[in-house]
Amino acid sequence: MVRTTGSLPVAHPTPRPWQMLTLATTGFALCFWAWALLAPLGPRLRDDLGLSSFEQSLVVAVPVVVGALGRIPAGALTDRWGARRVFPLVAALTVLPVLYLGHVADSLAEVLAGGFLLGLGGTAFAVGVPFVNAWYPPARRGVALGVFGIGTGGTALSAFTTVQLADAVGPAFPFDLVAGCLAVYAGASWLLLRDRPDRATAAGSLLSRTALAVRTPSTWQLAFLYAVAFGGFVAFSVYLPTYLTRAYDLGRSDAALRTAGFVVLAVAMRPVGGWLSDRTHPVPVLTASFGLVAACALIAAFETDLVPVGTAAFLGTAAGLGAGSGAVFALVARLVPAERVGSVTGVVGAAGGLGGFFPPLVMGVADGVAHDYTWGFALLSVTATAAGVLAATAFRGRARAATDA
């Protein structure tokens with residue numbers, strides 16, 4: 001791109017895709033770090049504010065629900081305005097509830113209000129996907145979106161640093177640290193982030209574009225696949241420590257360490273799923289991923305010895321869920337027109353975020369009624385099988401047609 005100033009042309013070189021991918025992934029990780037700040041502090045908030053178990057669950061759930069549903073308008077706005085405007089805005093606005101929760105909120109109502117606004121951080125996913133999608137050719141979008149998905153590791157960063165930093169430095173320090181990082185990123189992304197010059201821009205109002213995405217049958221099919229893949233990842237990240245301590249009598253630190261291994265493997269497998277989708281096709285990758293999850297969940301249902309069979313089953317589940325999450329958005333990139341990727345991503349991403357709530361509830365009910373987790377894992381196996389069958393049948397013809405076109 002060249003701009004003329006007076007009689008002298010001034011050249012503005014087009015940014016490289018990997019630079020934009022790095023910026024987007026960094027912002028995604030920071031926003032997700034902020035989004036997940038309250039979950040590790042749940043037990044402390046329960047003691048400090050005298051919360052009941054339901055109130056503690058509500059405090060943790062509010063930012064997750066708002067962040068998931070907020071992806072729908074965030075994706076549609078990105079289609080229209082571009083990530084160049086929306087990403088810095090999301091990062092800057094998320095600073096406010098982070099500081100409010102760290103320094104002001106000292107009652108249940110105030111924490112819930114701060115948590116509601118903290119949900120803004122969770123919308124970053126729907127901003128980054130259409131942005132990265134536009135910067136890469138179809139043959140490389142799967143791996144690029146998979147690398148971007150590594151930003152989900154921001155939730156793990158929050159889980160394994162928030163309490164430690166609060167204990168070592170002070171209760172407000174994790175919030176101050178995250179707010180500072182977000183503020184720096186908001187300024188840097190405003191200066192450095194660039195939408196692809198020839199990106200497709202969506203026409204029509206936000207409401208009409210969202211309605212079009214919602215009315216498209218493939219949107220809901222993709223949403224179901226992502227609800228199983230990413231929702232399963234979220235559910236295990238939240239519930240696995242509880243399960244390991246209850247079913248195998250592990251200590252909290254041991255259970256947390258094993259959960260960390262699960263999270264790291266799932267996050268690392270996300271770009272692998274995207275890469276395999278580029279090399280082959282998203283449909284067989286999804287089919288194989290959900291088949292792996294179904295088989296491993298069935299093994300886990302028998303509550304075999306944790307070492308080595310149980311550990312292998314959980315790690316296999318992590319690999320399948322991570323690869324499946326990457327493959328879903330490789331399929332989105334193949335099926336959805338560029339100007340509508342943000343709108344569809346908003347709906348699909350919302351389903352993924354909300355999907356994380358149901359497995360822990362099912363596992364809790366199964367334990368309460370039958371006093372074991374067999375039926376919960378069996379239901380996960382059946383659900384993963386259904387997702388694999390859907391991927392193998394509903395998308396094969398359409399995805400091939402879109403690729404050939």
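If you roll a 1.4 Å probe over region 240-363 with all protein chains in place, what percent of the accessible area is carbon or sulfur? About 70 percent, which is the carbon plus sulfur part of the accessible surface.
Over region 1-150, what relative contact order in percent results from Cα pairs under 8 Å that are six or more residues apart? Could the numbers behind the result be given before it?
Working: 178 pairs, mean separation 49.2, N = 150.
Result for region 1-150 is 33 percent.
Taking a ≥ b ≥ c as the square roots of the eigenvalues of the Cα gyration tensor, region 152-287 is classed as oblate, since a/c reaches at least 1.5 and a/b does not exceed b/c.
At a 10 angstrom cut-off on C-beta neighbours, averaged per residue, how do the peptides 20-33, 328-341 rank from highest to lowest?
So the order, starting with the most tightly packed, is 328-341, 20-33.
Full-extension gain between W220 and H103, please, as 0.36 nm times their residue separation minus the C-alpha to C-alpha distance. Let's see the in-between values first.
Numbers: separation 117, 0.36 × 117 = 42.12 nm, distance 4.05 nm.
Result: 38.1 nm gained on full extension.
Approximating the spin labels as points 7 Å out from Cα along Cα→Cβ, the T161-to-F116 distance works out to 2.9 nm. Each stretch of four or more DSSP H residues adds -39500 (n - 2.57); spread over every residue of the chain, this sum gives -26500 deg cm²/dmol at 222 nm. Spin-label pair A312-T26: with each label point 7 Å from Cα along the Cα-Cβ axis, the two points sit 4.2 nm from one another. Rounded, prolate or oblate: which fits region 19-85 when a ≥ b ≥ c are the square roots of the eigenvalues of the alpha-carbon gyration tensor, with rounded for a/c under 1.5 and prolate only if a/b beats b/c? It is oblate, given that a/c is not under 1.5 and a/b is not larger than b/c. When the square roots of the Cα gyration tensor eigenvalues are ordered a ≥ b ≥ c, the ratio a/c for the chain is 1.5 or more and a/b does not exceed b/c, which makes its shape oblate. For the chain, averaging the sequence separation of C-alpha pairs within contact (under 8 Å, six or more residues apart) and dividing by the residue count gives a relative contact order of 24 percent.
With 0.36 nm allotted per residue and the present C-alpha distance subtracted, the F358-A188 stretch has 57.4 nm of extension available. Here the chain is treated with +1 on each Lys and Arg Cβ and -1 on each Asp and Glu Cβ, and its dipole about the Cα centre works out to around 1800 debye.
The values are calculated or read from the model by the stated rules, or taken from the named source; none is laboratory data. Everything numeric in this text was worked out from a predicted model, so none of it was measured. Quick reminder, even Gly has a Cβ in these numbers, built from the backbone with ideal geometry, and neighbours come from all protein chains shown. In case anyone asks, the SASA skips ligands and DNA or RNA and just uses the protein heavy atoms, side chains included. Shrake-Rupley method; radii C 1.70, N 1.55, O 1.52, S 1.80 Å.
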